[in-house]
Every structure is written in structure tokens, then in C-alpha cells.
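A short write-up of the structure that comes next.
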Amino acid sequence: MTTRLKRRAFLGLACAALAAGIVYAFLPQPVPVDTARVARGAMRVTVDDEGKTRVVDRFVVHAPITGRLQRIALEAGDAVKAGETVLAAIEPSDPALLDPRSRAEAEAREKAALAGSSRAAAETERAKAALAYARVDVERARKLAATGDVSHQALDQAELAERTAVQELRAAGFAEQVARFELETARATLMRAASGGDGATAAPGGGHAVELRSPVGGRVLRVLEESETVVAAGSPLVEVADPRSLEVVVDLLSTDAVQVHEGMAASLEGWGGPRALAGRVRRVEPSGFTKVSALGVEEQRVNVVIDLVEPPETWAALGDGFRVEARIVLWESGDALTVPTSALYRSKEDWAVFVVEGGRAHPRAVRVGHRNDVQAEAVDGLHEGDTVIVHPGDRITEGVSVVTRQERDSS
């Protein structure tokens with residue numbers, strides 16, 4: 001009799017356990033989710049695109065007369081000195097250059113070159129005065145910024161104006177050298193037309209060659225006519241520039257370019273060096289152009305010019321036409337309340353997130369400020385330390401029980 005009672009008790013317990021298991025199996029299980037915490041920290045919003053370097057001032061030396069070009073021995077990369085290095089030599093091959101009409105044209109070119117040289121000298125003096133004023137303005141702004149009388153933005157603008165004035169003076173100096181070079185070329189043509197005079201060089205063919213000297217110090221970028229040949233006046237021969245004066249050109253989508261302004265900071269990456277280079281936007285060109293993307297889509301692009309603000313020694317390996325990846329900083333903060341952008345979803349016309357409270361998901365409206373690809377600035381609706389669900393799926397609804405995947409895997 002005792003054995004029967006024990007069997008009945010065992011069967012009763014087994015049935016109760018089976019029923020409890022069936023009930024538990026049909027109970028709703030917590031939805032596994034990935035979560036992240038709302039935190040304060042640094043945040044930056046940038047516009048990213050590829051760009052390329054280019055020399056600020058490049059000079060293409062053209063043939064001043066029609067004649068026979070002697071073979072150019074220079075190669076790309078060779079160093080040149082302003083007013084000393086002979087880039088090319090042309091000996092006249094057309095007797096018409098010696099007639100009265102050609103002489104009158106050469107004299108007119110000399111007068112025009114003389115006027116251009118005077119104008120270039122005046123531009124250099126104007127650039128010097130502008131640089132002197134900019135330096136005084138920077139010193140004044142620095143003193144006022146130290147006492148808090150002006151903003152740091154005003155100081156940045158003054159420093160940008162100083163750097164711009166330095167480049168303008170450099171460009172004016174190059175232009176003055178080119179003007180002197182053109183004047184010397186015009187006078188050399190007159191000396192050659194006068195049956196050879198002082199300064200003419202005897203050519204192998206028995207004539208007198210006109211020497212074309214480098215207008216600037218730097219390096220040869222390209223030799224456009226290497227072999228000996230007959231060239232027409234105005235034919236491009238050699239391209240020279242100073243490779244220490246570089247800028248970066250980035251063609252942005254017009255919708256991104258409208259957010260970029262002069263003076264904005266930039267970071268130049270992917271150029272092959274050990275670290276990113278600092279830059280600053282100097283100019284947003286006012287005219288756009290159409291460019292076809294790799295997918296065959298026509299896009300409106302705008303060129304943005306960025307100056308390298310670091311010493312040339314840090315980017316000495318860069319040259320003309322090198323590829324870089326530019327990041328232009330539109331906005332940044334060191335203490336922004338951030339939430340992952342993957343946690344945001346649209347609720348009618350507003351943004352919202354699911355906040356985990358007591359093991360359950362609760363929707364909450366959020367007012368979003370600045371955004372980038374990873375983070376969003378939570379202006380209102382969230383607090384530091386809140387736990388939000390990232391990538392919320394269709395199973396996440398108000399009040400649903402959730403469990404983080406980390407907790408589920410550890411249990």
C-alpha cells in the first residue's frame with residue numbers, strides 16, 4: 001500500500017512539473033538586444049572627400065619667338081634658380097624676324113613688358129603694405145584675446161588674413177620676377193634682331209640663340225618639348241614651380257560646400273605619412289562644375305582650397321598632384337551628450353529611441369542637434385547614463401521585456 005502511494009505521489013509531481021514546463025514554454029521570452037549608454041564626450045562633424053595637392057604658383061615658360069628650339073637637357077625634378085638656370089634656348093629660323101615690321105613689333109613688346117614690370121613692382125609694394133598691416137592686426141588681436149576683449153574666432157580670422165597676405169606677397173614677388181623675365185626676353189629679341197649684340201649667345205647654326213631663364217626658384221615639373229624642333233611663338237616648353245608652396249584642392253558636392261566657410265579647420269589624411277596634417281580652408285570657389293561619378297551620375301561639385309598650416313618639413317615628401325583624404329570640420333565640441341545614430345528611429349516627424357528601464361523597452365522622444373555617421377548630439381530627452389537599444393527591430397515595442405546579448409550569453 002505504501003508503494004502505491006509513493007507511485008501516485010511521484011506521478012503527481014511529474015505531471016505538475018510537466019505542466020509548469022508547458023506553461024513556461026508558452027510564456028513570452030525577453031527579446032535579446034544590443035545596447036549602448038548615453039555619455040558625454042568629444043564629438044566632431046566633418047565633410048569628407050578626396051582631394052589632391054597642387055603648387056600655389058606654377059609657371060609655364062613659352063617660346064617668345066618662332067625659331068628652332070635646342071634640345072632641353074633638363075628633366076622633371078631638376079632644381080632651378082630664378083634668373084640663373086637656362087631652361088631652353090631658341091635660335092631664330094625666320095628671316096622675317098629681322099625686317100622693320102618685326103623690329104617694330106619687338107619694340108612694342110619691350111614697352112609692354114616694361115609697363116608690366118612696373119605694374120608688378122607696384123603690386124609687390126601693395127602686398128608688402130598689406131602684410132605689414134596684417135601683422136600689426138594679428139599682434140593687436142593676440143593682446144586683446146589674452147585679456148578676453150575679442151573672441152578666439154576674431155583672432156583666427158586675423159591670423160588667416162596674415163597667412164593670406166604672406167601668400168599674396170609671395171605671389172606678387174613671383175609675378176614681378178616673371179615680368180622682369182619677360183622684359184629681358186623682349187630686349188634679347190631686339191638685340192638678336194640687331195644682328196647680334198651684347199647678351200646674345202652664339203648658336204651652333206651660326207645664329208644667335210635667345211636663352212629662356214627660370215622665372216622662379218624651385219624644380220622642373222614637366223618638360224613639354226624635350227627634343228630639338230621648330231616651335232612657334234607662344235608654344236609651351238617647360239613648367240616650373242616651387243614645390244614648397246603647396247595647397248590642397250577638394251571638389252565637394254555643392255550641398256556640402258555650402259556648409260564650408262573660410263577659416264574652418266581641416267585634417268588631411270591618407271597621404272602616406274605617419275600622421276594627419278593640419279590644414280585650414282582658404283577659399284570656397286564661387287563657381288561649381290558638373291562631374292560624372294563612378295556610377296555614372298552627374299554631380300554638381302565645388303572646389304574648396306585648403307592651406308597646409310604645418311611646417312614644410314613635415315610634408316616634404318608631398319608633391320604636385322598627390323592624393324589626400326580631407327576632413328573639413330564643420331562643428332566640434334569636447335563635452336557633447338551623445339547617442340549612437342543607430343539607436344535613432346523616426347516617430348512621425350520626430351526622432352525617438354528605446355530606453356531600457358527595469359528590463360523593459362520604453363520609447364522616448366529625443367531632440368537631436370548635430371549628427372555624424374556614428375554619433376548624434378542629444379539636445380533634449382535623454383540623460384547621461386541612460387541605456388538605449390541600438391538597431392531596434394520590429395520586435396521592440398513599448399513595454400516589451402528585453403535582455404542584452406551580453407547578459408544572455410553569460411547566463
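Things worth noting here:
- Exclusive hit being surrounded by 15 or more Cβ atoms within 10 Å (Cβ to Cβ) and either modelled with pLDDT of 75 or more or over 41 Å from the mean Cα position of the chain (by Cα) (or both), set 156, 99: 156
- From the list 243, 236, the lone residue that is surrounded by fewer than 14 Cβ atoms within 10 Å (Cβ to Cβ) and under 32 Å from the mean Cα position of the chain (by Cα) is 236.
- Of the residues making up the stretch 250-281, those that are under 19 Å from residue 301 (Cα atoms) and surrounded by fewer than 17 Cβ atoms within 10 Å (Cβ to Cβ) are 253, 254, 255, 258, 259, 261, 262.
- For the criterion of being touching a residue at least 40 places away in the same chain (Cβ under 8 Å) and over 14 Å from residue 36 (Cα atoms), residue 324 passes.
- The set of residues in the stretch 119-132 that are touching a helix residue (DSSP H, G or I) at 6+ places or on another chain (Cβ under 8 Å) and surrounded by fewer than 17 Cβ atoms within 10 Å (Cβ to Cβ) comprises 119, 121, 126, 128.
- Evaluating residue 149 against the criteria (1) crowded, with 18+ Cβ neighbours inside 10 Å; (2) farther than 26 Å from residue 216 by Cα leaves one unmet condition, (1).
- Identity of the residue in the stretch 311-350, part of a helix (DSSP H, G or I) and among the small types (Gly, Ala, Ser), that ends up surrounded by the fewest Cβ atoms within 10 Å (Cβ to Cβ): 342
- Enumeration of residues in the stretch 369-386 that are surrounded by fewer than 17 Cβ atoms within 10 Å (Cβ to Cβ) and within 15 Å of residue 37 (Cβ to Cβ): 374, 383, 384, 385
- The selection criterion, being in contact (Cβ under 8 Å) with a residue 60 or more places away in the chain, out of contact with any Asp or Glu (no Cβ under 6 Å at 6 or more places or on another chain) and not hydrophobic (A, V, I, L, M, F, W, C), does not hold for residue 67.
- Residue 290 meets the conditions (1) surrounded by fewer than 16 Cβ atoms within 10 Å (Cβ to Cβ); (2) part of a loop (DSSP other than H, G, I, E, B) in every case but one. The failed one is (2).
- Any hit, the stretch 161-171, residues being among the aliphatic types (A, V, I, L, M), closer than 18 Å to residue 216 by Cβ and in contact (Cβ under 8 Å) with a residue 40 or more places away in the chain: yes
The values are calculated or read from the model by the stated rules, or taken from the named source; none is laboratory data. Since the structure is predicted, the reported quantities are computational estimates derived from the model, not experimental observations. Here the Cβ is made from the backbone with ideal geometry for all residues, glycine too, and neighbour counts use every protein chain on show.
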